[in-house]
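Heads up, the thing below is written out as structure tokens.
The values are calculated or read from the model by the stated rules, or taken from the named source; none is laboratory data. The model shown is predicted, which means the values in this text are computed figures rather than measured ones. Using ideal geometry, Cβ is built from the backbone for each residue, glycine included, and neighbour counts are taken over all protein chains shown. Please note that ligands, DNA and RNA were not included when accessible areas were found on the heavy atoms of the full protein model with its side chains. Shrake-Rupley method; radii C 1.70, N 1.55, O 1.52, S 1.80 Å.
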Amino acid sequence: MAKRQSKPASSSSDNKVQPLFPRQSTGWDPLGTGGEERREQSYVRTVKPMSAGQALLMQAIKEHNLTLALGPAGTGKTYLAISSAVTALEKGEVDRIVLSRPAIEAGESIGYLPGDMNEKMAPFLRPLYDALSDRLGSKRLKAMMADGSIEIAPVGYMRGRTLNNAFVVIDEAQNCTYAQIKMLLTRLGWHSTMVLTGDPDQSDLLPGVSGLSDIARRLEAVEGIAIVRLADADIVRHPLVASMLTVL
């Protein structure tokens, strides 16, 4: 009987499990190239309000050291807050910008992310990078983050700090508990401005856990604090966004 020919040995690469999404050696850079050239070419130098509510918010930020901006998605809460922060920094009114938001997964479980703290937080902080890039351009933003003029940090890293001569923006505050918001508010130091933004009706926390509505209600009685409530009429995204929010 003829001897059966043995199958050629498979290469070592065939025996290894290949990842679906291979990690780059340098990690994902939210300020890197790859589609960012268009944003860099047309960054916004000046920002103007597009509704009465937005005008009220921008004026409140100028006149108060602490402002709470509450409203539905698409009303420009985060964008206007960051634009005001950049304006204050460029005018020399503050020495730095500190941006923070909670690392809460929006109803999904994305598991453990690889990389260091900056790489792990990048997907959660991407909306802040986008707003800053629109206002400054990605090259200038990279330089300002490198020299410490702009700092982006998760809420958990804000405890114990005193933020003097800074413009602080706390984004997605509806995903913070009462204790977390209280901790963040008490970080406010001398010659600083703080803006909290959030939509109380769109929290990713369990019902009753978000502290934004309770905090806003209590602070309305405090002189020197502005509570600005934006409405569907202030939405500046696609007109369908406002229409959907009336039925969802």
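Look at the range 119-131: where a residue is within 12 Å of Ser83 (Cα to Cα) and modelled with pLDDT of 80 or more and a partner is open to solvent by 40 Å² or more (accessible area, probe 1.4 Å) and assigned to a helix (DSSP H, G or I), sitting 6+ places away or on another chain with Cβ atoms under 7 Å, you get Ala131/Tyr79.
A quick yes/no check of all residues on (1) of a type outside the set (Gly, Ala, Ser); (2) out of contact with any helix residue (DSSP H, G or I) (no Cβ under 7 Å at 6 or more places or on another chain); (3) at pLDDT 95 or above:
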{"residue": "Gly211", "(1), (2), (3)": "no, no, no"}
{"residue": "Ala216", "(1), (2), (3)": "no, yes, yes"}
{"residue": "Ile225", "(1), (2), (3)": "yes, no, yes"}
{"residue": "Arg229", "(1), (2), (3)": "yes, yes, yes"}
{"residue": "Asp232", "(1), (2), (3)": "yes, no, no"}
{"residue": "Arg237", "(1), (2), (3)": "yes, yes, no"}
{"residue": "Val241", "(1), (2), (3)": "yes, yes, no"}
{"residue": "Leu245", "(1), (2), (3)": "yes, no, no"}
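Within the range 39-58, track down each residue that is modelled with pLDDT under 90, open to solvent by 90 Å² or more (accessible area, probe 1.4 Å) and assigned to a helix (DSSP H, G or I). Hit for the range 39-58 is Gln41, nothing else. Residues in the range 158-191 that are buried (at least 21 other Cβ atoms within 10 Å of the Cβ) and among the small types (Gly, Ala, Ser) were compared, and the one that is nearest to the chain's Cα centre (by Cα) is Ala173.
Among the conditions (1) surrounded by 15 or more Cβ atoms within 10 Å (Cβ to Cβ); (2) closer than 26 Å to Leu136 by Cβ, Gly148 misses just one, which is (1). When Val155, Val236, Val228 are checked against the criterion of being within 25 Å of Arg135 (Cα to Cα), touching a residue at least 12 places away in the same chain (Cβ under 8 Å) and touching a Cys at 6+ places or on another chain (Cβ under 7 Å), a single residue qualifies: Val155.
Scanning the range 207-248 for residues that are under 22 Å from Ser51 (Cα atoms), of a type in the set (Ser, Thr, Tyr) and either in a helix (DSSP H, G or I) or touching a strand residue (DSSP E or B) at 6+ places or on another chain (Cβ under 8 Å) (or both) gives a single hit, Ser243. Only residues that are touching a Pro at 6+ places or on another chain (Cβ under 8 Å) and open to solvent by less than 40 Å² (accessible area, probe 1.4 Å) were counted across the range 194-211, and they come to 2. Selection within the range 156-202: residues that are assigned to a strand (DSSP E or B), among the polar types (S, T, N, Q) and modelled with pLDDT of 95 or more. The member of this set that is nearest to Ser100 (Cα to Cα) is Thr197.
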